[in-house]
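Reading through the structure tokens given below for one structure.
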Ligand SMILES: *Cc1c(COP(=O)(O)O)cnc(C)c1O
């Protein structure tokens with residue numbers, strides 16, 4: 001048996017819901033409402049309802065959601081935004097795009113999310129906002145982050161791009177701070193068939209400002225209140241997301257089942273398994289293990305037809321693109337250790353237990369063979 005196991009299987013998901021997706025796409029084409037059609041508003045209302053927030057604004061990507069959120073809160077030149085370096089580069093790019101400066105704090109060694117213990121020391125008078133990242137689908141410690149933010153009057157914007165359906169103390173990601181930013185990149189827990197994203201918030205003025213900014217600062221077709229951007233949520237993507245959203249809860253349940261199963265099956269192995277904070281119920285965007293022999297294991301799995309991943313091998317503070325910030329190797333020891341040792345095992349709702357068993361058997365064979 002040597003069938004390939006992908007990191008995520010978007011074909012299997014489409015096969016399971018094909019008639020609903022095809023009907024949604026056809027509906028948009030039949031009505032030719034390609035730009036800001038009714039499906040955009042319908043999906044926004046449904047996703048706001050799902051997250052338990054007042055407002056959802058659909059935008060063109062998760063990156064756009066982060067950038068427009070910062071703009072809506074007035075973050076710009078001369079401001080500092082605190083975030084983590086253990087994330088996809090878009091988190092920091094959004095900060096740079098508005099003219100602010102990212103400052104990276106190290107992550108918690110257990111959960112890999114922003115370490116609240118290191119946050120206070122990083123706050124200066126120039127700090128305007130904090131962007132905690134719910135990495136791999138586990139929410140950051142929002143209790144302590146919000147407490148500190150309140151004490152220093154800072155805006156908190158969740159990077160929830162990997163955390164659709166994740167909770168902290170029973171409350172959903174996207175409803176844990178001043179605003180939440182989601183990506184619907186195809187491989188995310190709720191994925192479009194192209195680029196898409198959304199902002200969630202309970203602040204109506206923030207939502208209104210993002211609605212204006214995403215659509216060229218428009219008041220009406222040819223009257224513009226401010227200089228905005230072309231960052232609307234595409235109607236075809238909104239229709240696809242609207243068809244997929246009713247399945248999200250079941251997909252999250254399936255991810256949680258598989259994650260619990262990995263935890264159980266790999267419990268006795270010489271690996272660092274994911275740790276979950278007692279307040280958190282992750283959405284398991286990724287199941288990330290750690291081993292000093294990461295590169296070897298990655299290669300071993302690849303030879304056997306199992307696609308594992310590394311999220312992310314080069315932390316942002318060591319990226320060439322951010323050399324201008326002047327961080328040196330060793331500046332964020334936990335981040336760097338995790339980047340050197342993390343490995344994402346295949347995990348997607350349609351994954352069968354037989355497939356998972358095969359991944360587990362290979363990981364165990366690797367550990368036994370070479371120890
Ligand atoms: C995917 C992702 C983004 C960016 O989302 P896009 O939709 O690709 O622009 C931002 N932050 C994190 C943590 C992500 O995983």
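Quick one: go through the stretch 312-347 and flag any residue whose amide nitrogen is under 18 Å from the point 7 Å out along the Cα-to-Cβ line of residue 365.
345-346
Per-residue ellipticity at 222 nm for the chain, helices alone: DSSP H runs ≥ 4 residues times -39500 (n - 2.57), over residue total, nearest 500 deg cm²/dmol?
Values: 11 runs with 147 residues, N = 371.
Calculated at 222 nm, the ellipticity per residue is -12500 deg cm²/dmol.
Highest mean first, what order results for 347-353, 218-224 on Cβ atoms within 10 Å? Show your work: numbers first, answer last.
Details: 347-353: 18.1, 218-224: 10.0.
The most tightly packed comes first, giving 347-353, 218-224.
Please give the FRET efficiency for residue 17 paired with residue 329, using the beta carbon to beta carbon distance and R0 = 51 Å, rounded to the nearest 0.05. Can you show the working numbers first?
Working: r = 46 Å, r/R0 = 0.90.
For residue 17 and residue 329, the calculated efficiency is 0.65.
So how far apart, in nm, are the two label points at residue 290 and residue 247 if each is 7 Å from Cα heading toward Cβ?
3.4 nm
So how compact is the stretch 164-308: Cα radius of gyration and Dmax in angstrom?
19.8, 64
Using only Cα atoms, what is the ratio of the radius of gyration of the stretch 1-126 to 2.2 N^0.38 Å?
Working: Rg = 20.0 Å, N = 126, 2.2 N^0.38 = 13.8 Å.
My calculation over the Cα atoms of the stretch 1-126 gives 1.45.
How far, in nm, would the chain grow between residue 257 and residue 34 when pulled straight, counting 0.36 nm per residue and subtracting the alpha carbon separation? List each step's numbers first, then the result.
Numbers: separation 223, 0.36 × 223 = 80.28 nm, distance 3.78 nm.
Contour length minus the Cα-Cα distance gives 76.5 nm.
For a quick size check, give me the Cα extents of the chain along its three principal axes, largest first, whole Å.
That works out to 68, 53, 37 Å along the principal axes.
For the stretch 289-353 and the stretch 1-35, what is the centre-to-centre distance using only Cα atoms, to the nearest Å?
Taking the Cα centre of the stretch 1-35 as reference, the centre of the stretch 289-353 is 29 Å away.
Could you tell me the largest-minus-smallest coordinate of the C-alpha atoms of the stretch 248-370 on each of the three principal axes, in descending order and whole angstroms?
For the stretch 248-370, the Cα extents along the three principal axes come out at 47, 38, 24 Å.
Any idea how far the Cα center of the stretch 222-269 sits from the one of the stretch 102-141, in Å?
That distance is 23 Å.
All of the numbers you see were taken from the coordinates with simple rules; none came from a lab. This one's a predicted model, so the numbers in the text were calculated from it and none came from an experiment. Cβ coordinates were reconstructed from backbone atoms using ideal geometry, including for glycine residues, and neighbour counts include every protein chain displayed.
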